[in-house]
Ligand code: ATP
Ligand code: MG
């Protein structure tokens, strides 16, 4: 289902059992696939004593069944805020101040998740949507055995199931992520970090969801474990067909696993496109900066280049394009007028200089000695 997009051809994930797709294949598959979730003009605001923090603005997204959508951006760009708003895990002081999150359940129709009560949401939680957060420790209860936690979730979802059947199902779920069913008797604190994270992934799949939200699901584990877990996620996804919204600051990782990628900056999506296009021909200078900050694991080790400057203060956003103070290509227009997302190189980019960058402007930061050497 998913391909690796590293142009060097060196797969960093072992997805050999998963069919490799070209960009055209992915586009055709997404085109055929029905809509699953949509954000329409979504704004999320943190209402704080210091003021209203505009953490997400004007988010328009469409996710199709079976799609892996990556969301990348530096720290504080609004990735988790967006994921929480989409999954309705959002808690005060965050409020959805505008827009809708439409779910298209398989039985037809559409539901605006932002308009549902907690009680109504329960129907969709687990059933349609589930969530894997960064820290398994925070999500699994350390003083409960795994079986208790799994059986609770399974029986909550399927009230007719017997406890014995739920236990069997729990064992199957654990085995699906490579953990022996016998570990059901363990407390989560008795498991290694990687195992906890895999147990959490198994739990998120307990009720065969249509969509799994993953917020940095592997950052708490080492690189080797990270690869194993990602491979497992991709294999499960290819088998079970759920869609994934995958949040990380690591663009290179997303280039390997995603069907499409949205890049966030200062609470807005500044570019969205397919991995190969963003890798080779990112239209927003921020996208190119991010890519240079996280070289693919399959490339030889070289000096990492962060993006010069710091992310914007959301309470005091720069005028025009929020990226302009850090952008090597900024012109006067960028300081005065915020660019809207518009078609560029097969995707969408919110950059006044998108489109011209290929012909006339340097593709990378011209002030970087490594690039100009
Ligand atoms: P990271 O990569 O560090 O996880 P992120 O992209 O997920 O970052 P968010 O956590 O969504 O970023 O935060 C976006 C913005 O919202 C940040 O400026 C952050 O300071 C602000 N923010 C987050 N939580 C709160 C809160 N509870 N109250 C006020 N502001 C908040
Ligand atoms: Mg986050």
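Nothing in this text is a laboratory measurement; each read-out follows from the coordinates by a stated rule. For clarity, every value in this text was computed on a predicted model and none was experimentally measured. Here the Cβ positions follow ideal geometry from the backbone for every residue, glycine too, while neighbour counts run over all protein chains shown.
Find the eigenvalues of the gyration tensor of the Cα atoms of the stretch 141-216, then list the square roots of 5 times those eigenvalues as equivalent ellipsoid semi-axes, largest first, in whole angstrom.
In descending order, the three semi-axes are 18, 16, 11 Å.
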Item checked: Whole-number Å³ per residue for the convex hull built on Cα positions in the stretch 174-307 -> 131
Notebook entry, point to check: If one takes the longest principal axis of the Cα atoms in the chain, at what angle in degrees, from 0 to 90 and to the nearest 10, does the Cα axis of helix 163-176 lie?
Noted result: 40
Checklist line | Kirkwood hydrodynamic radius of the stretch 2-266, Cα pairs, Å | finding: 19.1
Checklist line | Principal axis dimensions, largest first and in whole angstrom, of the stretch 24-68 by Cα | finding: 49, 17, 14
Check: For the stretch 57-201, what are the per-bin percents of Cα-Cα distances with bins 10 Å wide, up to the bin holding the maximum?
Finding: 10, 33, 33, 22, 3
Note to self: Nearest 10 degrees is fine. How inclined is helix 23-32 to the longest principal axis of the chain, computing both from alpha carbons?
What the structure shows: 60
Next item on the list: Give me the percent of DSSP beta bridges within the chain that run antiparallel, rounded to the nearest 5.
Entry: 65
Next item on the list: Let me see the pair-distance distribution of the stretch 172-226: every alpha carbon pair, 10 Å bin width, integer percents in order.
Entry: 23, 53, 24, 0
Checklist line | Angle between the chain longest axis and helix 193-204 axis [Cα atoms, degrees, rounded to 10] | finding: 80
Notebook entry, point to check: What full-extension length gain, to one decimal in nm, is calculated for residue 190 and residue 313 as 0.36 nm per residue of separation minus the Cα-Cα distance?
Noted result: 40.2 nm
Check: If each of residue 28 and residue 159 carries a label point 7 Å out from its Cα toward its Cβ, how far apart are those two points in nm?
Finding: 4.6
Item checked: Value of [θ]222 nm, deg cm²/dmol, for the chain, DSSP H segments ≥ 4, -39500 (n - 2.57) each, nearest 500 -> -8500 deg cm²/dmol
Checklist line | Relative contact order, percent, the stretch 2-266 [alpha-carbon distance under 8 Å, six or more residues apart] | finding: 29
